[in-house]
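Accompanying notes for the structure given below.
Every number here is computed from the coordinates shown, using simple stated rules; none is lab data. In this text the structure is predicted, and so the values were computed from the model without any measurement. Virtual Cβ from ideal backbone geometry, glycine too; neighbours counted across all protein chains shown.
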There are 2 protein chains.
Amino acid sequence: MIIHLVLGAPREEPLTLDYQSGDLCVGVDYGAIYLLNAGYPVDLAIGDFDSVTEHEWQQIKKESQRVEKFQADKDDTDTELALLHALNLSDEAPIHIHNWIGGRLDHFLSILYLVYQERFQAVLSRLVFCSPKNSLRVYQPGHYQVEQAHSDNYLSYIGLTPIKGLTLRQVKYTLESADYDVPRALISNEFLAEGQPAEFSFESGLLAVIQSRD
Amino acid sequence: MIIHLVLGAPREEPLTLDYQSGDLCVGVDYGAIYLLNAGYPVDLAIGDFDSVTEHEWQQIKKESQRVEKFQADKDDTDTELALLHALNLSDEAPIHIHNWIGGRLDHFLSILYLVYQERFQAVLSRLVFCSPKNSLRVYQPGHYQVEQAHSDNYLSYIGLTPIKGLTLRQVKYTLESADYDVPRALISNEFLAEGQPAEFSFESGLLAVIQSRD
């Protein structure tokens, strides 16, 4: 079971999710409308809904399983509140964050920056930041394997902090215990062969791994 | 005089620059084609050009003032090489980086991450990362004023590192000497009034300031 958290970034094409029966869909603010318009169920609609029209608000109330409405003037962002609620829906289900890259660069960065917050450190391994041509996961120090999601995917390692002891194996460009004093983007690495997972490890810091296609 | 550095991120609409006579245009890889197609002069075309067709390559050679072609397999990215060349075109002109937000999230982050590199620290104040609805500048510790670029702009302060002593004044949501142990995105602040610059200062770290519109 996957929890799909659909945010409200401006978009032109209809939403497409890797949705399977039994998954849960959470629409954040205008994300609830995107879900409904694309024919997905809305298990939870959450936000201050200051971006929806009165007509859209009536639609959200009528067609969502559950609605949580907040004051617009609050300390947490809609996305932070939605993520806290999504985490409560299951103790272990992966949470796929969709439609987070849109018009405003500050919004986009504030969503990526959730991964720095102390309160989300324990659940980082459940988060997948998805877009049509990218998926991003964040890792704490350790040793990991990454399966190739699509045959044409590039593999990029983005230090979200300084990183110590980064080793990359089973990829085109390998690396042995490299240290980076500032955040560093190592992009366009490649899987060796279909079905052959990439391996990486590091000793300190926070690392994002992105699979992306042209 | 502004140096416009136009990158090759995928785009659907024609390019629009804040171009004035006397400015210089640098096209990076497919960015050179975007410049030519939109009717701008190309003072320098630079890159490995592995993303352009033979016909486009002939067009670039014929219509650009100067062309620098590199091997595809090199240590620096096209954008890094282009920025180094752009810096050599003038000792002080601002460099506006355009068309940097596109399909691949790893590309996008690697371009933003230029601001962490030691070799670009001395020229950070010359860089403006532009997109149709956003502009981003990066600041080192100090005291600054920010003029509102458009009347409907939000103002966001993004700590690219931990930040010490962040003070925000002459904005809707003020702050006095706040410390952040991890990178933090403070978004959707507002200018007080048209023509009234916002003020901020901080003591350590690297801070991005974004002006953005919905």
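Listed by chain and number, the lysines whose C-alpha is less than 24 Å from the C-alpha of residue B:133, apart from same-chain residues fewer than 8 away, are A:133, B:172.
Think of region A:137-212 as a dipole: +1 on every Lys or Arg Cβ, -1 on every Asp or Glu Cβ, centred on the Cα centre; then among A:143, A:188, A:205, A:205 lies furthest on the positive end. A convex hull fitted around the alpha carbon atoms of the protein assembly as shown yields 156 Å³ per residue. Its Kirkwood hydrodynamic radius, worked out from the mean inverse distance over all distinct Cα pairs, puts region B:28-142 at 15.1 Å. Rounded to the nearest Hz, the phi-derived 3J(HN,Hα) couplings of region B:23-40 under the Karplus curve 6.51 cos²θ - 1.76 cosθ + 1.60 (θ = phi - 60°) are 5, 10, 10, 10, x, 9, 6, 5, x, 5, 5, 4, 4, 4, 5, 8, x, 8, where x marks glycine and proline. Sum up the charges of everything whose Cβ sits under 14 Å from the Cβ of residue B:83, counting Lys and Arg as +1 and Asp and Glu as -1, but leave residue B:83 out. Net of charged neighbours comes to -4. Taking max minus min of the alpha-carbon positions on each principal axis, chain A gives extents of 57, 36, 32 Å, largest first. Rounded to whole numbers, the Karplus 3J(HN,Hα) couplings from phi for region B:200-205 are 8, 8, 7, 9, 8, x Hz, using 6.51 cos²θ - 1.76 cosθ + 1.60 with θ = phi - 60°, and x at Gly and Pro. The modelled label-to-label distance between residue B:92 and residue A:164, using points 7 Å beyond Cα along the C-beta direction, is 4.4 nm. Label separation (residue A:118 vs residue A:213): 4.1 nm, computed from points 7 Å beyond Cα along the C-beta direction. Where Lys and Arg each count +1 and Asp and Glu each count -1, what net charge lies around residue B:119 among other residues with Cβ under 14 Å from its Cβ? Net of charged neighbours comes to -3.
Working from Cα pairs under 8 Å separated by at least six residues, relative contact order for chain A is 17 percent. Over the residues of chain A, the helix contribution to mean residue ellipticity at 222 nm works out to -5000 deg cm²/dmol, using -39500 (n - 2.57) for each DSSP H run of at least 4.
The ranking of A:35, B:109, A:192 by Cβ neighbour count inside 10 Å, starting from the fewest, reads A:192, B:109, A:35. Spatial offset of region B:50-117 relative to region A:140-166 amounts to 25 Å, using the alpha carbon center of each.
Each of A:13, B:199, B:147 has some number of other Cβ atoms within 10 Å of its Cβ, and from fewest to most they run A:13, B:147, B:199.
Below 13 angstrom from the Cβ of residue A:106, what's the summed charge of the other residues (Lys, Arg +1; Asp, Glu -1)? That sum, taken over residues with Cβ under 13 Å, equals +3.
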